[in-house]
Amino acid sequence: MSDKDDRPGGVSRRNFLKSTGVAGVAATIIAPAAGLAAQSGPKTLGPGEVPVRLNVNGRQLDLMIEPRVTLLDALRMRADLTGNKRGCDRGACGACTMLVDGRTVYACSTLAIDVQGKTIRNVDGLARDGQLHPVQQAFCDKDALMCGFCTPGFVMASVGLLEKHPNPTPEQIKKGLDGNICRCGTFTRIFEAVSSVKGVQRG
Ligand code: FES
Ligand code: FES
């Protein structure tokens, strides 16, 4: 191979190969140091299953799940708590709405691992001793559902609203439920149902 200066910048092919060889060695030496720096950063979990402890409807649930698993999937697929539904799976419909420390969350967009140590409630835990929760009863009394797919999410959003505002104004009801969609169009009946509920205690 000719060692002729054949590059516009005057670097010969041989010298260029020599210099990249040195750079390669340097990279090899530097790599472990970079690896050490990465290890001293935040602790990473997964990608395999890790232990996750959840407090759901007053019960402790110990699960082995991947860190990427959502609260909705953890409860539906691993704990047989299938009351709340998966509609859009992207935080747009509200069918998966649950309460975490009294606040409504989209369970499809919440990682189970992130709500450890918090109080989680889904629709499966609302009825007590065979008695429907007052909000569930109101939905039945006011005929506030058709196919019922959105209902668990609406019920949980309504419970969250009524625990915060026991006598909500129409504006508060509309705002409290504006993250939920009913494709069957039962909004008027849902509004009547929520307006009719009195005396919801904080759960
Ligand atoms: S399924 Fe969670 S918002 Fe639609
Ligand atoms: S009752 Fe069918 S989507 Fe609401």
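Tabulated values for the structure
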read-out: Residues that are within 17 Å of residue 187 (Cα to Cα) and open to solvent by 70 Å² or more (accessible area, probe 1.4 Å), drawn from region 131-147; value: 137, 140, 141, 142, 143, 146, 147
read-out: Complete set of residues in region 33-45 that are at pLDDT 75 or above and of a type in the set (Gly, Ala, Ser); value: 41
read-out: Region 109-129 residues that are farther than 13 Å from residue 153 by Cβ, paired with ones that are acidic (Asp, Glu) and loosely packed, with under 15 Cβ neighbours inside 10 Å (beta carbon under 6 Å, 6 or more apart); value: 118/101; 119/101
read-out: Helices (runs of 4 or more DSSP H) completely within region 91-203 that count 2 or more residues being under 24 Å from the mean Cα position of the chain (by Cα) and of a type in the set (S, T, N, Q); value: 151-164
read-out: Which listed residue, of 76, 128, is open to solvent by 20 Å² or more (accessible area, probe 1.4 Å) and away from ligand 1 (no atom under 16 Å from the Cβ); value: 128
read-out: Looking only at region 148-181, and only at residues there that are acidic (Asp, Glu) and open to solvent by 20 Å² or more (accessible area, probe 1.4 Å), the one that is nearest to residue 196 (Cα to Cα); value: 171
read-out: Test result for residue 100, touching a Ser or Thr at 6+ places or on another chain (Cβ under 9 Å) and either closer than 30 Å to residue 43 by Cβ or modelled with pLDDT of 95 or more (or both); value: yes
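Yes/no matrix, rows are residues, columns are (1) open to solvent by 50 Å² or more (accessible area, probe 1.4 Å); (2) within 14 Å of ligand 1 (Cβ to nearest atom); (3) at pLDDT below 95:
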site	(1), (2), (3)
56	no, no, no
64	yes, no, no
84	no, yes, no
111	yes, yes, no
115	no, no, no
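The values are calculated or read from the model by the stated rules, or taken from the named source; none is laboratory data. The structure presented is a predicted model; accordingly, all values stated were derived computationally and were not measured. Because the Cβ atoms are built from the backbone with ideal geometry, glycine has one as well, and the counts that use them run over all protein chains shown. Surface areas here come from the heavy atoms of the whole protein model, side chains and all, with no ligands, DNA or RNA. Shrake-Rupley method; radii C 1.70, N 1.55, O 1.52, S 1.80 Å.
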